[in-house]
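A short worksheet on the structure shown next.
The values are calculated or read from the model by the stated rules, or taken from the named source; none is laboratory data. Everything numeric in this text was worked out from a predicted model, so none of it was measured. Glycine also receives a Cβ, built like all others from the backbone with ideal geometry; neighbour counts cover every protein chain displayed. Heavy atoms of the whole protein, side chains included, go into the accessibility calculation; ligands, DNA and RNA do not. Shrake-Rupley method; radii C 1.70, N 1.55, O 1.52, S 1.80 Å.
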Number of protein chains: 2
Amino acid sequence: MPRGECRGQGWWHGKFRGCGYRLTLGREAILDILSKSESHLSAEDIYVKIHTRYPSVGLTTVYRTLDVLSSLGMVYKLDFGDGRSRYEFAEGPKGAHHHHHLVCTQCNKIIDYTDFIDDEVELLNQTEKGLGQKYKFKITNHLIQFYGVCEECSGKK
Amino acid sequence: MPRGECRGQGWWHGKFRGCGYRLTLGREAILDILSKSESHLSAEDIYVKIHTRYPSVGLTTVYRTLDVLSSLGMVYKLDFGDGRSRYEFAEGPKGAHHHHHLVCTQCNKIIDYTDFIDDEVELLNQTEKGLGQKYKFKITNHLIQFYGVCEECSGKK
DNA sequence: TTTGATAATGAAAACCATTTTCATTAAGGA
DNA sequence: TCCTTAATGAAAATGGTTTTCATTATCAAA
């Protein structure tokens, strides 16, 4: 098996242990679902998926686990203003990815866009540096959202 | 009285009437508070302020009024992820202003920054145009937030 | 000015995503 | 294997927001 590859029960083993957390069935199941899913799952979404395969894992555990994963930086907690949080796998140890979204204010559809991102990221990095210095913030992340009305919702008139 | 100035009970009179809404004490009070306040008030904040001067105005009305104002575009509803919505006066008929924030993930402090905004806005306008075309979105607004840890919270260790 | 349709309101109850409580179970170092 | 204590599920609590419903108030029309 090539070096550098994840093996056994996944690369997150070490992260849990190293931080004093225990590796449990529920946590593995949740990480498994999250890592294989398209983004933007709510706690309930995750619970439903988990529950079919591991009926013993409850919604409370889903919430608690998402909290832990969030604080470990393995998962991002997002908010699109529809009253429930969404969670997104942080794409493994190779690093974060972007939170640049297009949000329909009528049907709450979310589009992750990657167009134009290069220029944006460059500017954001500069801004981040400038703001960090001026306000003495340790900036770790950013979010860009454009709000509007999507094609279907415009059509509905 | 010079032309163009707001008079009587405020420029919003016309907007209400024009949309079939009635002008009530509660609505005036809320608009009054909002237009004079620093931004980022929660519904509760507004309710407390209102209640001292107009004890007859209830929290329910505050929520309902904020909804109406929001849908009229007179107020922006913001979400900083602390579980409660914040509201911000849309700065009158001369136009919106920016939603570029620095958010401390530990104490939830929000800083509105205006530094670096010119470059940002220019890039955002381009992106907005490009995204709007590609995804057929009618984009009306945007939000940029940088997340990090503020000076005090870093100090706490 | 009075009248009348109906929009707006307050109080209380309902809602619902999330968190807490608490007794029980299980991970994993010794 | 044992033992400390982290993790768990179920149920209750929390807290921001919305709904219900009977009452009140706005304002266009007479």
Problem set entry | Selection within the stretch B:9-33 - in a helix (DSSP H, G or I) and in contact (Cβ under 8 Å) with a residue 60 or more places away in the chain | B:W12
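Yes/no per residue for (1) more than 12 Å from DNA strand D (Cβ to nearest atom); (2) out of contact with any Asp or Glu (no Cβ under 8 Å at 6 or more places or on another chain):
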residue: A:L31; (1), (2): no, yes
residue: A:S35; (1), (2): yes, yes
residue: A:H40; (1), (2): yes, no
residue: A:D45; (1), (2): yes, yes
residue: A:V57; (1), (2): no, yes
residue: A:V62; (1), (2): no, yes
residue: A:M74; (1), (2): yes, yes
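Conditions tested, residue by residue: (1) surrounded by fewer than 17 Cβ atoms within 10 Å (Cβ to Cβ); (2) of a type in the set (K, R); (3) within 12 Å of DNA strand C (Cβ to nearest atom); (4) at pLDDT 90 or above.
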position	(1), (2), (3), (4)
A:C19	yes, no, yes, no
A:L25	yes, no, yes, yes
A:I30	no, no, no, yes
A:Y47	no, no, yes, yes
A:L72	yes, no, no, no
A:D82	yes, no, yes, no
A:E91	yes, no, no, no
A:A96	yes, no, no, no
Exercise. Within the stretch A:108-123, is there a residue that is open to solvent by 60 Å² or more (accessible area, probe 1.4 Å) and within 14 Å of DNA strand C (Cβ to nearest atom)?
Worked result: yes
For this session: State which residue pairs qualify: first residue free of Cβ contacts under 8 Å to residues at least 12 places away in the same chain and inside the stretch A:105-130, second residue β-branched (V, I, T) in any location, beta carbons under 6 Å apart, and separation of 6 or more residues or different chains.
Result: A:F116/B:T127
For this session: Any residue in the stretch A:34-62 that's in a loop (DSSP other than H, G, I, E, B): show its pairings with residues that are open to solvent by less than 70 Å² (accessible area, probe 1.4 Å) and among the aromatic types (F, W, Y) at Cβ separation under 9 Å, as long as the two are six or more apart or on different chains.
Result: A:S37/A:F89; A:S39/A:Y76; A:S39/A:Y87; A:S39/A:F89; A:H40/A:F80; A:H40/A:Y87; A:V57/A:Y47; A:G58/A:Y47
